[in-house]
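Trainee: One structure is given below, represented as structure tokens, and several questions about it will come after.
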Amino acid sequence: MQVGNARYISATDLPDSLPVFPLTGALLLPAGQLPLNIFEPRYLEMFDHALRGNRLIGMIQPSLVEPLELEPGLPALSKMGCIGRITSYAETGDGRYILSLSGICRFRFLEEVKTSLPFRQAKISPFIADLNSAQEEDSVDREKLLATFRSYLEANKLEADWESVQRASNLTLVNSLSMMSPFGPAEKQALLEAPDLRARADTLIAITEIHLARGFGDPDTVLQ
């Protein structure tokens with residue numbers, strides 16, 4: 001997989017530890033693009049640190065099953081996140097970064113790394129199979145996925161750029177729709193933890209159908 005000017009082909013291309021950014025409700029997936037607005041001092045320092053190095057950050061949600069804090073202000077982390085590479089950034093002039101993370105592969109959170117730095121770091125085990133997830137594209141039921149997406153748009157009186165949708169690969173389509181979906185943290189984590197691309201597509205279809213059946217068509221609910 002090529003992300004920006006870097007190529008990630010095998011385990012040797014990825015670190016076994018990296019800074020992690022806990023953010024509830026945020027979902028990054030391989031080949032996806034996650035925009036971020038960074039303003040907290042500790043996270044500004046984290047991104048400065050990453051920019052001086054390999055530009056890699058681990059996006060992860062606080063644990064949804066272990067709400068206990070390890071220390072004040074340090075919630076337990078979920079067991080899985082996604083490695084992202086900073087592929088674009090801009091300084092705003094008022095102390096913020098506007099940047100984009102490009103998803104590389106998911107990782108298993110192993111343990112926290114003790115550090116004197118103000119941000120958190122973790123030992124990880126990358127999902128190397130994600131580097132070749134394009135090989136799974138033919139397993140996706142694209143027709144059903146698009147039909148469900150169309151139903152969601154109609155229920156919420158939204159429109160889409162169908163020309164761009166039709167051009168998108170199955171990998172881009174599944175992961176982008178999963179990331180843009182307006183679902184809650186638990187559902188986002190389920191999409192992240194789906195074992196493969198087909199399972200993620202099936203999970204996205206199932207979640208969307210459940211919400212539509214419950215009258216999810218809320219005009220104030222839009223794709224992010």
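The values are calculated or read from the model by the stated rules, or taken from the named source; none is laboratory data. Please read these numbers as outputs of a predicted model, since none were measured by experiment. For neighbour counting, all protein chains shown are included, and Cβ atoms are generated from backbone atoms with ideal geometry for every residue, glycine included.
Trainee: Identify the residue in the stretch 183-197 that is touching a Leu at 6+ places or on another chain (Cβ under 9 Å) and surrounded by fewer than 18 Cβ atoms within 10 Å (Cβ to Cβ) and, among all such residues, is farthest from Leu27 (Cα to Cα).
Mentor: Residue satisfying both the conditions and the ranking: Ala186.
Trainee: Right, here's the next one. For Ile104, are the conditions met, namely being aliphatic (A, V, I, L, M) and either within 13 Å of the chain's Cα centre (by Cα) or not assigned by TED's automatic domain parsing to the domain that holds Ala31 (or both)?
Mentor: Answer is yes for this residue.
Trainee: Within the bounds of the stretch 36-57, is there any residue that is under 17 Å from the mean Cα position of the chain (by Cα), closer than 27 Å to Ser116 by Cβ, outside the structural domain of Ser181 (by TED's automatic domain parsing) and at pLDDT below 95?
Mentor: Among the residues of the stretch 36-57, not one is under 17 Å from the mean Cα position of the chain (by Cα), closer than 27 Å to Ser116 by Cβ, outside the structural domain of Ser181 (by TED's automatic domain parsing) and at pLDDT below 95, which makes the answer no.
Trainee: While we're looking at this one, here's another question. Which of the residues belonging to the stretch 103-153 are polar (S, T, N, Q), closer than 28 Å to Arg198 by Cα and modelled with pLDDT under 95?
Mentor: Asn132, Ser133, Gln135, Ser139, Thr148, Ser151
Trainee: Hey, another quick one. Here is a list: Leu28, Leu99. Which entry is out of contact with any Gly (no Cβ under 9 Å at 6 or more places or on another chain) and of a type outside the set (Asp, Glu)?
Mentor: Leu99
Trainee: Do any strands (runs of 3 or more DSSP E) lying entirely in the stretch 1-102 carry at least 3 residues that are of a type in the set (A, V, I, L, M) and in contact with a helix residue (DSSP H, G or I) (Cβ under 8 Å, 6 or more places away or on another chain), and which ones are they?
Mentor: Numbers: elements: 17-22, 33-38, 56-60, 69-71, 80-91.
Passing ranges: none, list empty.
Trainee: For the stretch 84-123, which positions are touching a Leu at 6+ places or on another chain (Cβ under 6 Å), under 23 Å from Ala11 (Cα atoms) and crowded, with 21+ Cβ neighbours inside 10 Å?
Mentor: Correct list: Gly84, Leu101, Gly103, Cys105.
Trainee: Against the conditions (1) closer than 25 Å to Asn175 by Cα; (2) at pLDDT 95 or above; (3) out of contact with any Gly (no Cβ under 7 Å at 6 or more places or on another chain); (4) not polar (S, T, N, Q), where does Pro62 fall short? Just the number, please.
Mentor: (2)
Trainee: OK, next. I'd like to check something: does the stretch 190-206 contain any residue that is part of a helix (DSSP H, G or I), among the polar types (S, T, N, Q), under 17 Å from the mean Cα position of the chain (by Cα) and not assigned by TED's automatic domain parsing to the domain that holds Ala76?
Mentor: For the stretch 190-206, residues part of a helix (DSSP H, G or I), among the polar types (S, T, N, Q), under 17 Å from the mean Cα position of the chain (by Cα) and not assigned by TED's automatic domain parsing to the domain that holds Ala76: present.
Trainee: Could you please tell me which pairs satisfy a Cβ distance under 6 Å, a separation of 6+ or placement on different chains, a first residue in the stretch 150-177 that is over 20 Å from Lys188 (Cβ atoms) and assigned by TED's automatic domain parsing to the domain that holds Ser102, and a second residue that is part of a loop (DSSP other than H, G, I, E, B) and aromatic (Phe, Trp, Tyr)?
Mentor: The qualifying pairs do not exist here.
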